[in-house]
Amino acid sequence: MGFSWVTFIAQIVNLFVLVWLLKRFLYQPIVDTIAKRQAYIKDKVKKAENAAEKALQEQKALADKNAAFEADKQKRLDEALAEIDRLKKEQEDRISEELKAKRVKMQSDLNRETASLQLEIRNLMAQQFLELSQKAMADLSGLSPIEQAILLFRKKIEKLNSKEKTNIKKISLKQKIMSINISSALTKKAQDELLAFIRKTFDLDSSVRISIQVNPDLILGAEMITGDVAVEWNLKSYLDAFTGNLNTALSGLIIKE
């Protein structure tokens, strides 16, 4: 099967359209919601700070009043001022601790809500991303989504240079095992063709056991693992990159202490 520039360009265009749709209908509403929540929390913090300032002003007024005591009652005045200073310090410490505790709680609540929101977004995006990608790939190529993914996976392996292929062969012969993970099941014929392709590409004899396992976490694609070397093609990497950028944007909206 030869390489088709028309299919390749169509896939690229489809990917950009998908990214634009996700940004337009998913990303912006989330950012707006987080901004409103941030404004609400800042308003709560401002009210708490105003209350603390008012309490401190009342304490200062009390201290000023006591400062007008008669000179012959200096001892009592000194004792009263000392007591006031002690109470003031205790109250300031208490208010400071309360403000700090409120900030920590609000930050913790916001972090949890943000993490939960990010997880919900990722799950929703994964589902929609997979459905749209599968439909687009099937429409463009006439193959099933997993067949198209395996084809791209094979092309990626073919692009490995001779040094990389030799290294993979060396590790596989030493480990006597190679794992192939795919996002969904293949037909018996497709599995046999993939195994034959792998053995031929890396010149592996029957002493190397090649196992094929289904791993839905790949989100449409395949990966080959031997030792500490891995070769993969799947939509998960595209999705992770997009959600990573989204998480960065959401993190910028979190209140910093």
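Key figures
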read-out	value
Criterion violated by S172 - all others in (1) free of Cβ contacts under 8 Å to residues at least 12 places away in the same chain; (2) touching a Leu at 6+ places or on another chain (Cβ under 8 Å); (3) of a type in the set (S, T, Y) satisfied	(1)
Contacts under 6 angstrom Cβ, first residue in the stretch 230-242 being closer than 21 Å to E158 by Cα, partner modelled with pLDDT of 80 or more and open to solvent by 50 Å² or more (accessible area, probe 1.4 Å), 6 or more apart	W233/K156
Pair list, Cβ < 6 Å and 6+ apart or interchain, from the stretch 87-107 residues that are more than 12 Å from E49 (Cα to Cα) and touching a residue at least 24 places away in the same chain (Cβ under 8 Å) to residues that are among the β-branched types (V, I, T) and part of a helix (DSSP H, G or I)	M106/I41
Among residues of the stretch 200-211, those that are buried (at least 16 other Cβ atoms within 10 Å of the Cβ) and within 20 Å of T187 (Cβ to Cβ), counted	1
Selected residue (only one of V19, V104 is surrounded by 11 or more Cβ atoms within 10 Å (Cβ to Cβ), modelled with pLDDT under 80 and within 30 Å of Q148 (Cα to Cα))	V19
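The values are calculated or read from the model by the stated rules, or taken from the named source; none is laboratory data. Owing to the predicted nature of the structure, the values given are computational and were not obtained by experimental measurement. Every residue, glycine among them, receives a Cβ derived from its backbone with ideal geometry; neighbour counts consider all protein chains shown. Heads up: the accessible areas ignore ligands, DNA and RNA and are worked out on the full protein's heavy atoms, side chains in. Shrake-Rupley method; radii C 1.70, N 1.55, O 1.52, S 1.80 Å.
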